[in-house]
Amino acid sequence: MFTVAIVGRPNVGKSTLFNRLTRSRKAIVGNQPGITRDRLSETVNWDGKSFRVIDTGGVVPGEKEELPESVFRQAEIALEESDLVLMVVDGREGPTPVDESLHGLLRSGGREFLLVVNKMDVPSVDDHAYAFHSLGIEEFFPVSAEHSRGFDELLEAILERVPEGEPEGSDGEIRVAIIGRPNMGKSSLLNQLLGQERVIVSETPGTTRDSVDSVLETAGQRYRLVDTAGIRRKGKTSGMVEKLSMVMARRSIQRCDVVLLLIDATEGATRADATIGGYAHEAGKSLLLVVNKWDLIERDAFTAIRLEKEYRMKLKFLDYAPLVFVSARTGQRVFKLLEHVQRAYQARRLRVPTAELNQFLQREVQPRLQAASPRRKFPVVYGSQVAVDPPTFVLFTRSRQKMHFSVERFLVNRLRERYGFYATPLVVRQRLRAPRKR
Ligand code: GDP
């Protein structure tokens, strides 16, 4: 969703502005004493468009002022996670050195920003706003968050920038793609899922003319099985079918939240399976490795463990994806799949609060990294989860040097250990912490 972040130094009225924009009275979310207030976020629906507003102000309870340092920090994070930044200044004070540095930071960030001059409670004060011309900004928005003045213009300017047809926030429907090579049992699995009595099924047109989704609802949860028409259609020649199934897989992956990658238990994982899994991984989708035709396997108590080992070896880079053994023919564990899907969906929308994340980085990750290589300084200054779906972390580092792969891997593993992120790939990006003038 189009995201608007509010940044600015302390006491310029960021929270009041946030409340005005979102028309809410919610000011502070930190519900536990001692926990740093994290960023507030709220969706605004206006004129058939939706956007999300984030208030970046991070106040440590017990401290009156945000430290300028944290102002910059929040601004850097805002640049990462938003499409538009509202820089708020106090119109009664004119530009301060902190404003100027902040403006420099935003300008170098390459993200569009609007200057909002707040506390313009009476029209005559507008004159002072011109002092902000010294920042080299031609257009700005004088507002009074307190008296709700100037908001029509600001809101209009924001809406102008929100693209048409932005998808509304998810309505809780989980989009699932069943993919895999031909004859893995995709149609059979689909029929099992849709054929159950307790399921409400409907076919709804998907995005293109020849695509049909099936919607099923069970236990209060809606699942949209994407592109199911393609699953049922059988091709002519096997070479053709193979190619087509790859094209289908890629498209379905784009349209879903969770991928069910079907593998034939009698064949084991092949390179083609790994390739398809790679598509899901690169697209940042949650992934379940569904080993089908379990009924055909001669089993003893160790079969599952042995097979799992084998699959893990062949699909090493998909180590976060749970392996589920099912039989689409008998229906064994087929409905259990939906529980996994639900868990994965929740995981991919999990958001770790910034304060909490940084505490975790400083207290638990840094000491272990330093113990592992005492001579090297922990390169991460701070971090933020800038997006969900998939969970995306930006780590601001002191050095330009690219984080070593092993460090990144270590971080990802610790994040998983701590927060789970079931069946979901994590994206980690490194940013050089912006140098700033004193
Ligand atoms: P698709 O091409 O991936 O859609 O695969 P299909 O669903 O058409 O299945 C291919 C073949 O495998 C069919 O003959 C199915 O009956 C069979 N099949 C699918 N799932 C299972 C299963 O769990 N057990 C067994 N024994 N056969 C299965």
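The values are calculated or read from the model by the stated rules, or taken from the named source; none is laboratory data. Since the model is a prediction, treat every value here as computed from it, not as a measurement. Using ideal geometry, Cβ is built from the backbone for each residue, glycine included, and neighbour counts are taken over all protein chains shown. What goes into the accessible areas is simple: the full protein's heavy atoms, side chains included, and nothing from ligands, DNA or RNA. Shrake-Rupley method; radii C 1.70, N 1.55, O 1.52, S 1.80 Å.
Using 0.36 nm times the number of residues separating M240 and T96, minus their current alpha carbon distance, what extension gain do you get? Working shown, then result.
Values: separation 144, 0.36 × 144 = 51.84 nm, distance 6.65 nm.
Between M240 and T96, full extension yields 45.2 nm more.
Here the Karplus relation 6.51 cos²θ - 1.76 cosθ + 1.60, evaluated at θ = phi - 60°, turns the backbone of the range 344-354 into coupling constants of 5, 4, 5, 5, 6, 10, 6, 10, 8, x, 4 Hz, with x for every Gly and Pro. Beyond 31 Å between alpha-carbons counts as too far, so tell me which of K285/K336; K186/K402; K49/K316; K49/K243; K309/K336 fall in that bin. Distance filter (> 31 Å) returns K186/K402; K49/K316; K49/K243. Extents of the range 381-436, taken as max minus min of Cα coordinates on every principal axis and listed largest first, are 38, 23, 14 Å. In the context of the full protein assembly, K49 retains an accessible surface of approximately 30 Å², using a probe radius of 1.4 Å and ignoring ligands and nucleic acids.
What is the local net charge at T392, summed over the other residues whose Cβ is closer than 10 Å to its Cβ (Lys, Arg +1; Asp, Glu -1)? Mind showing how you got there, number by number?
Values: positive: R429; negative: E80, E81, D389.
Charge balance in the 10 Å sphere: -2.
Taking the highest mean first, how do the peptides 76-85, 404-413 order by number of other beta carbon atoms within 10 angstrom per residue?
Values: 76-85: 22.1, 404-413: 14.8.
Highest-to-lowest ranking by the protection proxy: 76-85, 404-413.
Expressed in nm to one decimal, what extension gain is obtained for the pair R111 and R429 from 0.36 nm per residue of sequence separation less their Cα-Cα distance?
Numbers: separation 318, 0.36 × 318 = 114.48 nm, distance 1.72 nm.
Between R111 and R429, full extension yields 112.8 nm more.
Probe radius 1.4 Å, ligands and nucleic acids left out: which of M120, M240, M1 has the largest accessible area, and how do the rest follow?
Numbers: M120 0, M240 110, M1 80 Å².
Final ranking, largest accessible area leading: M240, M1, M120.
At a probe radius of 1.4 angstrom, the accessible area of the range 245-381 per residue rounds to 50 square angstrom.
For the pair T218 and R368, a Förster radius of 41 Å applied to the C-beta separation gives a FRET efficiency near 0.45, rounded to the nearest 0.05.
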